[in-house]
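In what follows, a structure is listed as structure tokens, so that the remarks can point back to it.
Quick note: the coordinates plus some simple rules give every number you see, no bench work behind them. Predicted model, so just to flag it, every value in this text is computed and none were measured. Methodologically, a virtual Cβ is constructed for each residue, glycine included, from the backbone with ideal geometry; neighbour enumeration extends over all protein chains shown.
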Amino acid sequence: MGGDGEQTIETLSGGERVAISLVLRLSMAAALAGEALGLMVMDEPTIHLDSERGRDLVNILKNFKGSASMLAQLIVVLHDRELEEAADQIYEVVRSEGVSKIKRHIT
């Protein structure tokens, strides 16, 4: 970190870069859409996050969810379960005998 408190992107880990990127995306979407941000889709947003950053992301998403006018619907595609606690609805795609089926989990 520099003497003025600034830090270059090169000094950040992959997980820190992903976390900052996600926060910036959510913030810019909210700023651009104002109170009309209806839908956001994220595909594997936690790929490089460690457990601490994953927990931070859960808290960020809970805060966005808590403000109903800010983000009406968020769809997150995951292969792990770390964000499930921030979800209202969970759908799991299961492949069996060459056929994909969708299972809904009650939360």
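Summary of computed values
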quantity	calculated
Sequence-distant residues sharing a close amide H with Leu74 (under 5 Å, placed H)	Met40
Whole-number percent relative contact order across the range 11-105, with pairs defined as alpha carbons under 8 Å at least 6 apart	27 percent
In Å, descending, principal axis extents of the Cα set of the range 11-105	44, 35, 19
Net charge contributed by nearby residues that have their C-beta within less than 15 Å of Thr11 (K/R +1, D/E -1)	-3
Formal net charge of residues neighbouring Ile102 (Cβ-Cβ distance under 14 Å; K, R +1; D, E -1)	+3
